[in-house]
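Here is the structure we will look at, set down as structure tokens.
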Amino acid sequence: MLSISEHPPKDPQLKRPKSPDPLNSFNSLLQLIHHPRTCLLFAILALQVLLLFTLRSLPFSRQHFSPPNSLKPEPLPVPEPEDRCGSGRVFVYDLPKTLNQEILQNCDDLNPWSSRCKALANEGLGQQATGIAGVVPENLAPAWYWTDQFVSEVIFHNRILNHKCRVMEPESATAFYIPFYAGLAVGKYLWSNSSTAQDRDRHCEMMLRWVQDQPYYKRSEGWDHFITMGRITWDFRRSNDQDWGSRCIYLPGMRNITRLLIERNPWDYFDVGVPYPTGFHPRSDSDVAEWQSFVRTRNRTKLFCFAGAKRGAIKNDFRGLLLSHCQSESESCRVVDCSGSKCSNGTSAILQTFLDSDFCLQPRGDSFTRRSIFDCMVAGSIPVFFWKRTAYIQYEWFLPGEPESYSVYIDRNAVTNGTSIKNVLQGFSREEVEKMRGKVIDYIPKFLYAKPQEGLESVKDAFDIALEGVLRRFKEHGEWGFRWK
């Protein structure tokens, strides 16, 4: 047996952990770094940091990272509808019928020689043109009428009643139209041996008494009122009772009213020249474009032409001189003798003559202007003027600002002294002629009065240009404070 010792064994001593060895610790750290899992962890952390900085640098606003309930898109601004009447709106006075409708109804009594009912038919456009087959494109023939040169007040009235800027409440208007048929009213008495000065003034005096009683006239003294007078200005400027015409423009109350006339007084601010009505009244934009193309490509066989008649009662009659000049140059010039009333309101012979000629001679008429100016240009012929007042200071709203770009001016005294019109016109190169004709054709829409009472789709005709000009003028009056009492 094993004996048990008498002395119990000593308690074993607790061993203290040794201090870490620095070298061994570094080696252990290297082993940890190179461990695959450690590398993966660092890679993920680095990717997250890189992604965070990348997103912060992008050009996004903070709202893109807002909580879901704030992700409501901002409403887009709604564009305001275009105001097609930015220059102003028109109120049309409802005049007593004796000043317009009854004048038309009495069309049999407006002329001492014959009825004017046919001339005033079709809302002022006149009778459908006949005898033009083969002269104009077949599909455009229905747009041609034998329109009287003195019917602009009827045409303007019908158009303005249907204009988009017409208003029915005078308080919202910036312009006031007076639909008085001044030209038709006075025309009845111009050639009557039994008429008196009072007869010629009666209708205009009635109109002014009525208009001057309106509150909107009293407010402006007529500065925002306008009227169409369908004759030349000199028919309304009688100085004394023995002279021609009425004294409508000189009557109290007319001074500040803007007047649209086929011939203006260049020294009267309130006179505005508008084109004479011609025979072409397009039904659509396409009618205008087709006509422009037709006259642009027309083969013109004559250098120049003249449509007119002698004025035997006038000493040194210039028209007679032009007729003789043209007849002596028959190879280059075509003549339409309009003696009597053969050319009244246009004929197919005149139209074809203008269509076949590069240039058309335009002396003054019974006054400084004549309708033939516009008949000529509508046919794409280049006008030749002998008086600057015939066009250049008459129709500024409707003609190019550079006269030489669309016309030729030859001083009448030079012609009287022997200057050859043919030689002057032959001096232009073919390129120069085509350039002038192109300018005339580009401006044709501004010489026309469209058939639809509401106007054309997008093309602006003479009526549109005139109305815009009047509204612009009235707007400037208000902005500049330019008016007197």
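The values are calculated or read from the model by the stated rules, or taken from the named source; none is laboratory data. Keep in mind that what you see is a predicted model, and the values were worked out from it rather than measured. Side chains are part of the model used for accessible areas, which takes the heavy atoms of the whole protein and leaves out ligands, DNA and RNA. Shrake-Rupley method; radii C 1.70, N 1.55, O 1.52, S 1.80 Å.
So here's what we get for this one:
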quantity	calculated
Whole-Å distance, taken between Cα centres, linking the stretch 147-166 and the stretch 412-437	37 Å
Descending principal axes extents, the stretch 341-473, alpha-carbon based, whole Å	50, 34, 32
Over the stretch 225-279 - Rg/Rh using Cα atoms and the Kirkwood inverse-distance radius	0.97
Accessible area of the stretch 308-398 divided out per residue, in Å², using a probe of 1.4 angstrom	38 Å²
Kirkwood Rh, Cα atoms: Rg over Rh of the stretch 247-329	1.13
